[in-house]
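One structure is given below, encoded as structure tokens.
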Amino acid sequence: MLASVHVWAAPQTRVALVIGNGGYEHAPRLSNPVHDATDIAAALGALGYSVQLVKDARKAGMEAALAQFAKVAKGADQALVYYSGHGIEVGGVNYLLPVEARAESETTIPLEAVALPTVMGVAAGARQLGLVVLDACRNNPLANSMQRVDGSRGVARGLAPVEPAGNVLVAYATRDGRVAADGTGRNSPYTAAILETLREPGLEVGLFWRTVRDRVLSATQAQQEPFTYGSLGAERLYLNPPAASPTPSPSPASVYDPRAAELALWQGAQRLGTQDAYRDYLTKYPQGQFSTQAKLQLAALGRPAASGAGLVSPSTGASGTTTPAGLRDCAECPEMVAIPPGSFKMGSPSTEENRQGWEGPVHQVHIRYAFSVSKYPITYREWEQFVKESGHKDPSRECIVITQQDANPVVCVHPPDAEDYAAWLSRKSGQHYRLLTEAEYEYVTRAGSQTAYPWGEAADGMALYTKERRGGLDGPWRVGSFKPNAFGLYDTVGLVWSFTQDCQHMQLNYIGAPTDGSVWKGGDCYRRMVRGGSWQGNPSFLRSATRGFDSIGSYEVGFRLARTP
């Protein structure tokens, strides 16, 4: 099982791969490794490392994680690999055991396990420090039944010593040839000492491991002595850097944020929805971040009303909330809301409750372009107009379990159907309609927030935006039944999942994803990433970072559109 964690970026590029194998299939389970790995991942994430967490991995999963990690480790300032689980030495070579390993013969170990030199080679790609931490010297019952080859050294107790080269350190839970304790608490004595020491800022890496050593010796009554292999240069390196000296914050009265002033003027123009308001904005900010949208709104106000296109007046939705004016390019086109450029942190941190592993690593996304998004998910009425005019097959009629009304979001369509609808609108309007990218969807869902849910950290604030469905298949509510978000968009969560342009990528995390809001090319395009949760789902799916995928559409999946000028 793969999971990924990342908390806000530190000044350095520091990456970590954390593996915990405890659920062995052909040996007694180890109780601590998954706990050890989970806690180490959280601690490193809190220190600014971009962390990939792997639990109870088979060999293919360990190799895939190492291959992905090698890409980000190369050129990083620090690359750390932590492993908790069974390790074994055969013929002087150390191996990390995946959960399905049988270890019936020493001749098969290289085929069944991951060699430590491979792991060390991956960590060596870092510029300043490559660190391999092994809490893997446990007594291994598989070694007792292994068939030996005559004349070989065979299988030794514990792990063999290593000689790292360059900037690599290898830290063992105990000296070579000895066995480390798994522990009786949540963590092994070695990992518990590492976690405690990680909380202390300003320990240079050499002092860090000497402190861990002393703590393990004390906790085990000198029965277990950690050992570190490798030699570093004179550069001072830290896992938890020294705390920066605090600098006085300016008083609120002395702070002027020009971007906030521009945003306030733009939002006022949107509320008024008049030519004078948009001209006033353009006079003050002719090259502003909303200048493209302001020009579009001015052009829309000048279009003939008979065309069905133009600026839609500010309206009061079913929630009773007045929302800014929107733009409609044609009579059949959905109402669109202008979205400003901006930046946000995409994904969820390790501390977020109910997070899934593939929601990380958290990474900064910069959307440097203006675009518009449909104010609501595409409705059944809008979809039916497309089907009527184009003669397109209507898969939404296959939803025999629910009844679709005009103002309900259309569901049961497939991704190619949604794209055909967007292409039809583009031909009618002369504009470019498309599905949102996954990054754009999270950006408009957050609408300036960085909390777990669009409204805050807890699910109990959901009543203003949606409500929990306790069973039944009567279908989603009307669009616009709840409060809009800060961008003026309705139903970004909790009504229907929405297809995006992005395809599912095999690694199930954001390593390698673009950071400019564009579609992540490649992947398995039979499955599309979906966002937003649905009327039928668990409340935890309404978090801003929640991801899913779907291939054929269902009564929980619809779509909304973006339009790029």
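A few notes on this one:
- Of all residues making up the range 204-236, the number that are outside any helix (DSSP H, G or I) and more than 17 Å from Tyr82 (Cβ to Cβ): 13
- All positions within the range 16-34 that are assigned to a helix (DSSP H, G or I) and not β-branched (Val, Ile, Thr): Pro33
- In the range 427-448, the residues that are among the small types (Gly, Ala, Ser) and either surrounded by 16 or more Cβ atoms within 10 Å (Cβ to Cβ) or in contact with a helix residue (DSSP H, G or I) (Cβ under 7 Å, 6 or more places away or on another chain) (or both): Ser429, Ala439, Ala447
- Residue among Gly87, Gly121, Gly91, Gly45 that alone is under 28 Å from the mean Cα position of the chain (by Cα) and touching a residue at least 40 places away in the same chain (Cβ under 8 Å): Gly45
- Condition broken by Ala10, with the remaining ones in (1) surrounded by fewer than 17 Cβ atoms within 10 Å (Cβ to Cβ); (2) aliphatic (A, V, I, L, M); (3) more than 16 Å from Pro361 (Cβ to Cβ); (4) at pLDDT below 85 satisfied: (3)
- Counting only strands (runs of 3 or more DSSP E) that sit wholly inside the range 512-565, those with at least 2 residues that are modelled with pLDDT of 90 or more are 524-531, 561-564.
The values are calculated or read from the model by the stated rules, or taken from the named source; none is laboratory data. Values in this document were obtained by computation on a predicted structure and should not be read as measured data. Here the Cβ is made from the backbone with ideal geometry for all residues, glycine too, and neighbour counts use every protein chain on show.
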